[in-house]
Structure formats: structure tokens, C-alpha cells
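The values are calculated or read from the model by the stated rules, or taken from the named source; none is laboratory data. Since the structure is predicted, the reported quantities are computational estimates derived from the model, not experimental observations. Please note: Cβ atoms are built from the backbone with ideal geometry, for glycine as well, and neighbour counts cover all protein chains shown. The area values use the complete protein model at the heavy-atom level, side chains included, leaving out ligands, DNA and RNA. Shrake-Rupley method; radii C 1.70, N 1.55, O 1.52, S 1.80 Å.
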Amino acid sequence: MSLLAFFFLFLINSSLAANTNIYNVQNYGAKSDGKTDSSKAFLNAWAAACASTSPATINVPSGKYLIHNAYFNGQTCKSKAVTIHIDGTLLAPSDYNVIGNDENWIKFEKVNGISIYGGTFDGQGAALWACKKSNNKKCPDGDYGIDFLQLKQHYNEWSNHGCHNVKLQGMKVLAQGNSKNTDGIHVKLSSGVSIVNSQIGTGDDCVSIGPGTSNLWIEGIACGPGHGISIGSSGWKEQELGVQNVTIKTVTFTGTTNGVRVKTWARPSNGFVRNILFQHIVMVNVQNPIIIDQNYCPNHDESCPQQSSGIKISDVTYQDIHGTSATKVAVKLDCSTTNPCSGIVLEDLNLSYQNQQTEASCVNARGRVSGLQKPTNCLLKN
Ligand SMILES: *[C@@H]1O[C@H](CO)[C@@H](O)[C@H](O)[C@H]1NC(C)=O
Ligand SMILES: *[C@@H]1O[C@H](CO)[C@@H](O)[C@H](O)[C@H]1NC(C)=O
């Protein structure tokens with residue numbers, strides 16, 4: 001929901017206050033001392049708000065609330081509009097073993113018409129990141145910080161997974177640059193998601209876009225540190241949903257390993273990536289500003305499939321991409337031998353490396369160019 005909608009909602013709520021039920025988590029036993037386990041209190045406040053037949057607001061006053069395994073299920077909610085208004089901080093347990101082997105820290109499942117405003121979610125990841133960095137085999141995998149799944153689709157059906165019509169706005173997602181596997185926001189099996197005006201700095205992808213994503217809009221993002229914004233990795237499975245209609249615009253990448261990336265495993269697959277627009281992008285010292293990698297294999301070891309990717313990449317437009325590359329090759333389009341990329345459009349690229357010219361490298365990539373081409377075009381004609 002947009003900020004405008006927020007104010008709108010707020011005005012409606014205050015003018016019709018009698019119709020909005022307020023549930024303060026402290027009235028359900030939550031303590032703002034950062035030590036007392038407040039999980040049950042949050043779940044009880046949720047159950048009460050859910051049971052309301054009118055719009056309901058859960059208030060989380062300032063202070064720190066220790067919670068874990070907070071799974072908010074909306075399947076039986078009567079209220080069609082639950083708002084969670086957070087002034088305080090939700091704190092994960094400081095011992096990462098408590099939740100580190102779970103799938104989620106906080107989960108929203110089968111919810112419809114939910115809005116969450118404000119607040120800090122502190123996953124207390126630093127100790128786990130240090131554990132992973134030390135190559136200690138006993139570190140747990142870690143879990144999703146906040147997971148939204150199975151949001152309601154049309155006709156009262158729950159989708160098998162994924163979310164529909166979700167807006168993430170004004171977020172700050174922060175993890176250390178050297179923290180392993182800390183994707184900022186991961187979207188998959190979802191449509192109509194937008195992520196706008198946010199700052200994301202992580203040890204992995206700022207945003208990663210998985211199979212089954214369509215109609216995704218990303219705008220106004222500052223990304224770094226991290227691995228950039230990635231479509232993929234796709235094509236691990238032979239039967240896989242595609243990614244289509246993704247717009248990524250007005251993004252600044254600072255000191256990231258990649259800027260805008262499409263990555264697929266070199267394996268057979270029926271998946272695809274199509275109708276993608278990257279527009280008005282600024283690169284600041286980015287190692288691979290523009291990259292398509294259809295031979296993705298992060299560990300570069302004998303486990304690499306080394307086949308040919310079955311993912312078909314088509315109609316990907318790069319428009320007004322400028323700034324600095326941290327390496328000489330600023331554009332790298334490494335497409336599949338059996339499924340060459342087609343319909344690639346390069347328009348107004350101005351990428352430099354240490355005040356010198358950059359280079360482009362193309363393999364099996366077809367398309368057209370217009371406007372400024374720095375580096376020099378390497379595409380084959382469509
Ligand atoms: C593409 O996605 C945008 C939202 O990101 C949506 O407004 C638009 O209608 C979609 N286009 C098609 C052809 O589905
Ligand atoms: C390309 O970028 C360089 C460095 O930022 C700038 O000086 C130059 O004017 C740009 N060229 C064009 C045609 O925009």
C-alpha cells in the first residue's frame with residue numbers, strides 16, 4: 001500500500017474511530033524490555049484483531065520486543081483490513097541457535113488486506129554471519145527474516161505460494177557486506193509486487209528475482225554493498241516457471257559486485273526470462289555493471305553443470321545506464337549456445353573504467369543498439 005493510501009487510511013480511521021478497533025500488544029502482555037519473550041502476546045493481539053469484523057489496528061508502542069517463531073496466519077481472519085502500526089523494534093533472540101534452523105523468523109501466511117507501517121525488525125544476524133565466516137560447520141543455515149506467503153488471490157482461493165499486489169515502500173534493509181547468503185529481498189512465484197524508494201545493503205543480492213515472478217516493478221533503490229539486482233538464478237529445474245514483465249528503474253549501485261544481472265544455471269530447463277526493462281541506472285565502481293550469465297556457477301568447482309542453459313532470454317532492454325565500472329569489461333552478455341539471447345536492446349550506455357574506455361563481451365547475444373554506446377556494441381543483429 002502506498003504512503004498516500006496510508007494517509008488516506010489514517011484519515012478514515014481517525015474520522016471513523018469508533019469503527020476501528022485498536023489492539024495494543026502491551027495489553028496482551030508484550031514487554032518492551034527487549035528481554036521478555038513477547039511472542040505469545042503478539043500472536044494473541046493478532047488473533048483478537050483478526051476476529052474483529054471491522055478494520056483493526058495492532059499497535060506496537062516504542063521499545064524493544066523479543067519475539068521468535070511469530071507466525072501470523074490469516075486464514076480465519078474476519079477483518080478484511082488489519083493494520084500493524086509499529087513504533088518499536090521487534091528483536092530476534094540473540095542466540096542464533098534458537099531460530100537459525102527454522103525457515104522463518106516472522107511469517108505472514110494466508111493474509112489478505114494487511115498493512116504494516118514503521119518499525120524496526122532486528123534479526124540480530126551479526127553473530128551468525130561471523131560463525132559462517134569462520135567456516136564453522138556447525139552454524140545453522142539461518143532463516144528468512146520476514147516471509148510473506150500464500151496471499152489471497154482472486155475468487156477466494158489461496159495461491160500455492162507467493163504474493164499478489166504487494167507494495168514495499170521506504171524500506172531500509174541492512175546486513176554487513178561480508179555476511180553470507182543475505183539476499184535483501186527475494187521475490188518468487190508472485191505477481192504485481194512493487195519495491196520502491198528503498199535502501200538495500202547486504203552481503204548477497206539486494207533484490208533477487210526467482211522463477212514465477214511477473215509484473216514486478218522496482219524503482220528508486222540505492223543498492224550497495226551487495227551483489228546487485230539479479231534475475232535468477234533460473235533454470236536449476238527442468239520444469240520451471242518463467243520470469244516476465246519486470247521493470248527496474250532509477251537505481252544506483254554503489255561498490256557492488258554486479259549491477260543488473262540475469263543468471264541461469266547451465267542445465268536443461270523449459271523456463272524463460274522475457275520483457276525486462278532496466279532504465280536510468282547509475283553505476284558507481286561496480287565490478288560487472290551489465291551482465292547476463294547463462295553459465296552461472298558460483299563455486300566454480302566440479303559441481304558446475306557445464307551443459308547449455310535451456311532458459312530462453314528475450315526482449316531485455318538496457319536504457320540510460322551510466323557511471324563507472326570497477327573492471328574493464330562493463331558489459332558481459334554470455335548467453336546459452338542452444339538458446340541464444342534475442343531482442344536485447346542497448347540504448348545510451350556510458351560506462352567508464354578509471355577514466356578509460358570500457359569493453360563489451362558478447363556470446364550468443366542478438367539484438368540492436370541506439371544512442372550512445374560506451375562500451376562499443378558487441379551484439380549480433382537480431
Ligand atoms: C507489467 O507490469 C506492470 C506492473 O509492474 C503492469 O502495470 C502492467 O500492466 C504489466 N503489463 C502487462 C502486459 O501485463
Ligand atoms: C559520459 O560520461 C562521462 C563521465 O561521467 C561524461 O563526462 C560525459 O559527458 C558522458 N557523455 C555523454 C555523451 O553523456
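For the structure I just gave you, tell me whether Leu380 is surrounded by fewer than 19 Cβ atoms within 10 Å (Cβ to Cβ) and away from ligand 2 (no atom under 16 Å from the Cβ).
Numbers: surrounded by fewer than 19 Cβ atoms within 10 Å (Cβ to Cβ): yes; away from ligand 2 (no atom under 16 Å from the Cβ): yes.
It is true that Leu380 is surrounded by fewer than 19 Cβ atoms within 10 Å (Cβ to Cβ) and away from ligand 2 (no atom under 16 Å from the Cβ).
I'm trying to understand the selection: among the residues of the range 363-375, which are away from ligand 2 (no atom under 16 Å from the Cβ) and either among the aliphatic types (A, V, I, L, M) or open to solvent by 40 Å² or more (accessible area, probe 1.4 Å) (or both)?
First pass over the range 363-375, keeping only residues away from ligand 2 (no atom under 16 Å from the Cβ): 363-368.
Passing the criteria: Val363, Asn364, Ala365, Arg366, Arg368.
Within the range 309-364, track down each residue that is of a type in the set (A, V, I, L, M) and over 27 Å from the mean Cα position of the chain (by Cα). Write out each step before concluding.
First, the residues of the range 309-364 that are of a type in the set (A, V, I, L, M): 311, 313, 316, 321, 326, 329-331, 333, 344-346, 349, 351, 360, 363.
Passing the criteria: Ala360, Val363.
Listed by first and then second residue, the pairs linking a residue in the range 44-58 that is outside the structural domain of Ile22 (by TED's automatic domain parsing) and part of a helix (DSSP H, G or I) to a residue that is aromatic (Phe, Trp, Tyr) and buried (at least 20 other Cβ atoms within 10 Å of the Cβ), with Cβ atoms under 6 Å apart and 6 or more places separating them unless they lie on different chains, form an empty list. Once the range 194-221 is narrowed to residues that are aliphatic (A, V, I, L, M) and either away from ligand 1 (no atom under 15 Å from the Cβ) or more than 24 Å from Ser179 (Cβ to Cβ) (or both), the residue that is surrounded by the fewest Cβ atoms within 10 Å (Cβ to Cβ) is Val196. Take Gln319 and tell me if it is farther than 24 Å from Cys206 by Cβ, within 16 Å of ligand 2 (Cβ to nearest atom) and of a type outside the set (Asp, Glu). For Gln319, the condition - farther than 24 Å from Cys206 by Cβ, within 16 Å of ligand 2 (Cβ to nearest atom) and of a type outside the set (Asp, Glu) - is not met.
Taking the numbered list (1) at pLDDT 90 or above; (2) under 18 Å from the mean Cα position of the chain (by Cα); (3) more than 16 Å from ligand 1 (Cβ to nearest atom) in turn, Phe148 passes all entries but (1). Quick test of your reading of the structure: Glu219 fulfils all but one of (1) in contact (Cβ under 8 Å) with a residue 24 or more places away in the chain; (2) not assigned by TED's automatic domain parsing to the domain that holds Ile281. Name the failing condition by number. The single condition Glu219 does not satisfy is (2).
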